Amino acid sequence: MSAAGFVLAINVFVAALFAAAFAVVAWRTRTVIGARWLSLAYGMGIINAVLEFALPAQADPRWMSLAVFTVPLLGFAACIAGLARHYGVAPPWRAIAGLLAVSVPANIAIESQSSSSFVHAAIYQAPYFFGHMLAAAVLLRSRRRLDALDITLLVFLLFSSLQYVAKPLLVAGLGAVSAQDYLQSAYGAYSQVLIAFLLITNGVLMLLVFVRDALAELTRRSQTDTLSGLLNRGGFDDLAEKMLASALRDGVPATMVVADLDHFKAINDNYGHAAGDRVIAAFGQVLSAIAEPRTIVGRLGGEEFAAFIPGSNPATARLYAEGVRSGFSGLSIAQLGPDRRVSASFGVAQLRAGDGLSDLLRRADAALYEAKKSGRDRVCIAEPDIPAPLTAPMAGERRQGSRQPQA
């Protein structure tokens, strides 16, 4: 076996590994849609390698040569679509279709020309160059914030495109060969080695991006309360503690809003748990709809919720709580009938120097108790010099599952 043939055989194995890896990611995390396209793209790479091996045995290589040109181009089109799906960008189908519509007839047109021509080589390689440019454009169009891994992938996509600029120069230096003699040539060996390097590098980077985001999605699911759609207690504590520490370190004000549904036990007793679940879901929707993007909103358990608002003072936090209170009390829950209205009570506390998350929650909880004691369906702000009432259950006790709902 020639050197080029040996490297091509390695590339088949590499492409099969990546096709399987992306297929596993797509299977394990169904929301990572782009992984299916990447698996297809590397599967096309396997087909291309088989065609490369079969080409020398063809008496008339023209149609096989066209397939060797077209199949990897289709594979890269699938790669572009996969990246677009993953980065939340509409796949550039028109650009891809236009690239295929121009490049395939152009390749047929140059088939009769000498492969030693620089123009022939440039026309042959140009579609792959523009394909890489399309892939890079997908990342640049993404609305998500690109981190170091995304930027590294972008750089290597741009670097990969340069090989298709260099190959016509390589043809001029080494001398071109016919399609049937490609695997026996020095040009074929250099070309396959370069392809192997870029195939592995870009494949590993794309796989790392997909695995990173798949793990992030699994983490998000594990931190999400399925009923309300908000963060669950673990997710809320984790994010709120980080934001609280950042606020204290940077000297940024912050507030905590704690909310509890009024007469929730009566709703469950009189209308059933399905109706209670609908009330919780509706309240979660109002909480998240009114919150600013930086606000961390979660369901602490049962009918109790919390929102940590960085960069806010008690006045702005009260405005948020009043907005939620008003919006929620104006809802009509179908399961409760037209005459039954729902309401919630709120407590607000401001972050102090030296506070931990439990301290802030305790003071907000004390203000919530005052709102309940004062008639419910209202917002109370914690006073700096008022401790939690002795008759009020502590925040930690209420959130351990042993508490009685605040009626």
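Under the condition of being part of a loop (DSSP other than H, G, I, E, B) and among the small types (Gly, Ala, Ser), the residues counted in region 13-59 number 1.
Scanning region 244-287 for residues that are buried (at least 17 other Cβ atoms within 10 Å of the Cβ) and farther than 15 Å from Leu336 by Cα turns up Leu244, Ala247, Ala254, Thr255, Met256, Val257, Val258, Ala259, Asp260, Gly284, Val286, Leu287.
Only one entry of Asp150, Asp60 meets the criterion of being out of contact with any strand residue (DSSP E or B) (no Cβ under 8 Å at 6 or more places or on another chain), acidic (Asp, Glu), within 19 Å of Ala41 (Cβ to Cβ) and assigned by TED's automatic domain parsing to the domain that holds Phe22, and that entry is Asp150.
Listed here are the residues, each with its yes/no results for (1) touching a residue at least 12 places away in the same chain (Cβ under 8 Å); (2) closer than 20 Å to Asp277 by Cα; (3) in a helix (DSSP H, G or I).
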{"residue": "Leu218", "(1), (2), (3)": "yes, no, yes"}
{"residue": "Thr226", "(1), (2), (3)": "no, yes, no"}
{"residue": "Gly229", "(1), (2), (3)": "yes, yes, no"}
{"residue": "Ala240", "(1), (2), (3)": "yes, no, yes"}
{"residue": "Ala245", "(1), (2), (3)": "no, no, yes"}
{"residue": "Leu248", "(1), (2), (3)": "yes, no, yes"}
{"residue": "Val252", "(1), (2), (3)": "yes, no, no"}
{"residue": "Met256", "(1), (2), (3)": "yes, no, no"}
{"residue": "Ala259", "(1), (2), (3)": "yes, yes, no"}
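Right, Ile10: in a helix (DSSP H, G or I), farther than 27 Å from Arg143 by Cα and either of a type in the set (D, E, K, R) or under 29 Å from the mean Cα position of the chain (by Cα) (or both) or not? No, not satisfied. Check region 316-329 and report whether any residue there is assigned to a loop (DSSP other than H, G, I, E, B), touching a Phe, Trp or Tyr at 6+ places or on another chain (Cβ under 9 Å) and under 29 Å from Arg352 (Cβ atoms). No, region 316-329 has no match at all.
Give me the residue from region 271-315 that is charged (D, E, K, R) and in a strand (DSSP E or B) and, out of that set, nearest to Ser228 (Cα to Cα). Only one residue tops the list, namely Arg299. Looking only at region 291-339, filter to residues that are more than 32 Å from the chain's Cα centre (by Cα) and acidic (Asp, Glu); which one of those is surrounded by the fewest Cβ atoms within 10 Å (Cβ to Cβ)? Among them, the one singled out is Asp339.
Scoring Ser114 on the criteria (1) at pLDDT below 90; (2) of a type in the set (Gly, Ala, Ser); (3) touching a Cys at 6+ places or on another chain (Cβ under 9 Å) leaves a single failure, condition (3).
Screening Ala84, Ala136, Ala126, Ala121 for residues that are assigned to a helix (DSSP H, G or I), in contact with a helix residue (DSSP H, G or I) (Cβ under 8 Å, 6 or more places away or on another chain) and modelled with pLDDT under 90 leaves exactly one candidate, Ala121. hydroxyl-bearing (Ser, Thr, Tyr), modelled with pLDDT under 90 and within 20 Å of Gln184 (Cα to Cα) - does that describe any residue in region 58-65? Yes - at least one qualifying residue is present in region 58-65. Looking at region 51-65, is at least one residue more than 20 Å from the chain's Cα centre (by Cα) and within 22 Å of His86 (Cβ to Cβ)? So far as region 51-65 goes, no, none of its residues is more than 20 Å from the chain's Cα centre (by Cα) and within 22 Å of His86 (Cβ to Cβ).
Among the conditions (1) touching a Gly at 6+ places or on another chain (Cβ under 6 Å); (2) within 24 Å of Ser358 (Cβ to Cβ), Lys242 misses just one, which is (1).
The values are calculated or read from the model by the stated rules, or taken from the named source; none is laboratory data. For clarity, every value in this text was computed on a predicted model and none was experimentally measured. Here the Cβ is made from the backbone with ideal geometry for all residues, glycine too, and neighbour counts use every protein chain on show.
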